[in-house]
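What follows is one structure encoded as structure tokens, with my remarks underneath.
The values are calculated or read from the model by the stated rules, or taken from the named source; none is laboratory data. Here the structure is a predicted model, which is why all the values come from computation and not from measurement. Cβ: placed from backbone, ideal geometry, glycine included. Neighbour counts: every protein chain shown.
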Amino acid sequence: MITAAPQEREHYLNASHGLKSWLLTKDHKRIGLLYLATITLFFFIGGAFATLIRVELLTPQGNLVSSETYNKLFTMHAVSMIFFFLIPSIPAVLGNFFLPIMIGARDLAFPRLNLLSWYLLVIGGAFSLFAMIAGGVDTGWTFYTPYSTTYSNSWVIATALGIFIAGFSSILTGLNFIVTVHTMRAPGMTWFRMPLFVWANYATSLIQVLGTPVLAVTIVLLFLERVFHLGIFDPARGGDPVLFQHLFWFYSHPAVYIMVLPSMGVVSEIISTFSRKAIFGYAFVAFSSVAIAVLGFLVWGHHMFVSGQSLYAGMVFSFLSYFVAIPSAIKVFNWTATLYKGSISFQTPMLYAFGFIGLFTVGGLTGLFLAALGMDIHVTDTYFVVAHFHYIMVGGALMGYLGGMHFWWPKITGRMYPEGWAKLSALVIFLGFNLTFFPQFILGYLGMPRRYHVYPAEFQVLNVLSTAGASVLAVGYVIPMIYFIWSLRYGKVASANPWGATGLEWKTSSPPPVHNFEETPVVTHEAYDYASLMAEEVEVG
Amino acid sequence: MSDPHEQTHIDSVGSYVKILLALLVATGVTTAVARLDLGAFNTVVALSIASVKMLLVALFFMHIRHSNKLTKLVVAGGLLWLAILLLLTMTDFATRGILGVPGK
């Protein structure tokens, strides 16, 4: 049945029309949707590479692609997924759309800079895409020297340049968020009334601004050595190859928190909304985001225990790595405590939030295995590591992203998604994810190295299970694509507040007007004040 | 939060020219010192001059000395993060030789 679209009221989607109105928009909501289109493209490109990897690994022989091509497949899978999907995912799409609305602002502090950020991502993505089409890159997403500077004959510079440019997109988005949170909060929106999604994005922005420039510098140094043969990483010229790893991981370990912290913010919103309770220990959850952002910068050397790094440095990094577990655990325990005596409902966003908590916990705890010096030597560069970081980056970050997409879809589009299909796909994704990646923990523990496409025959059963899981997972990802597009035309018209939630984004219409609110909101309640809301409902009722 | 006083404390053109000259002289000194053999101190001198130049640019050209406390905190944060990068990297480079390399 086709439902009549809410055409009478003007909102950000129908206020202006035509390609130009989108490509030159300064509206943070439209820019969020531009990001959505861009990162979805890269998600499916990265997914196509993953599919080829999993099909190749069905058999112990390397009988689908050559070793060189396989090297390119896992490199381009990671480059697409990390730099052009996961890092921009929640901040640039959901953060862009909702951060200003959630603090009662009309837009971000620098709307033009926001549009520039999107163009930078597109330009960076174009360079990397060109490299993929022209022949690909085979260094691994880590670009370790001396392979990347001296030996690789693939498109290292074009890919690295794409990442370099996309990095500035990330920096500018972070800068925009920080300034917006400091200067544009609505009257009454104190720091400790801000939704935890805003806190999480604020902490993420700090990482983007403080860490990403180091990646840019590292890429420039790589360029200078590869093209002009300067002796920075080459020992024959007075350099040190391990220095590259220090510089690379100084950014790239915190980058994991760029991916997962915003998801944690989404989970806080969802858990609170669907258990009708304020988040237990709000201040602890807020500060734990900042603590993760800061501590995340002190642990990078745990990626380098077998690199030739000094054992003493390894001990320091191992010790510090355990500290990150504390704020992460604070979040998990506080979400769980929030559920206690809550009025819980199991709508799709809540299923994703539960998925996040379980999978992130597995990913986090196996991270502790890897932070232990002795254990890490056994599993370094094995599938144990691959499983671990996919539990964080897919089981954690991507689950949070999908949870957020479902949670806020009615607000973004003014339409409801079909709940039954959405629950089914959440379940399919959870099962498919575990079937894909849990066998990889066992494979890694048994000694199967990552980045090889030929493996001993005794590893085949677990690899077949993993590939079967990946097929299930792929179906799980395609279903939401279909019903989200379907819902744009056929979905039930969404009310302003379909979940009965407390945030400011639910106080404005769905979809929101161009300037977010008809009049500037004044905040008089704490965040997640469901107790007052329900008391009011009782009085009115 | 923007500080209305920030706009009123822009330095004169003369002071900018002086800073520019100081930066050019410092660059000349860096080049000259690079031609002397001071052993390990070549690096120390070069980094010291570079640090002074960085401070001049930040304080005068970027107006940090007239900025509000939040801006100064941001600058201090950037320097602190640079210190983290250098310090924790040095836990590797400074201690690598203690155990020696197996086989050598």
Test: residue in the stretch A:243-254 that is surrounded by fewer than 19 Cβ atoms within 10 Å (Cβ to Cβ) and within 27 Å of A:Phe323 (Cα to Cα):
yes
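Taking the stretch A:189-226 only, how many residues are in a helix (DSSP H, G or I), over 30 Å from A:Pro241 (Cα atoms) and more than 18 Å from the chain's Cα centre (by Cα)?
The number of residues fulfilling the criteria is 3.
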Keeping to the stretch A:266-307, report how many residues are within 14 Å of another protein chain (Cβ to nearest Cβ) and not hydrophobic (A, V, I, L, M, F, W, C).
5
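If you go through the stretch B:47-104, how many residues are charged (D, E, K, R) and either within 11 Å of chain A (Cβ to nearest Cβ) or assigned to a loop (DSSP other than H, G, I, E, B) (or both)?
Start the filter on the stretch B:47-104 by keeping residues that are charged (D, E, K, R), which leaves B:53, B:65, B:69, B:72, B:92, B:96, B:104.
The next check asks that each one be either within 11 Å of chain A (Cβ to nearest Cβ) or assigned to a loop (DSSP other than H, G, I, E, B) (or both); those that pass are B:92, B:96, B:104.
Residues meeting the conditions: 3.
Just to be sure before I move on: is A:Val428 within 24 Å of A:Phe83 (Cα to Cα) and either in a helix (DSSP H, G or I) or of a type in the set (S, T, N, Q) (or both) in the structure I sent?
In short, no.
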Of the numbered conditions (1) at pLDDT below 95; (2) within 14 Å of chain B (Cβ to nearest Cβ), A:Arg237 fails exactly one; give the number of that condition.
(2)
Filter result (among the hydroxyl-bearing types (Ser, Thr, Tyr) and under 17 Å from the mean Cα position of the chain (by Cα)) within the stretch A:397-449:
A:Tyr401
Lone qualifier among A:Leu351, A:Leu373, A:Leu339, A:Leu320 - being within 14 Å of chain B (Cβ to nearest Cβ) and farther than 25 Å from A:Arg451 by Cα:
A:Leu320
Just for helices (runs of 4 or more DSSP H) wholly inside the stretch A:1-91: which have at least 1 residues that are surrounded by 15 or more Cβ atoms within 10 Å (Cβ to Cβ) and touching a residue at least 24 places away in the same chain (Cβ under 8 Å)?
A:28-56, A:67-81
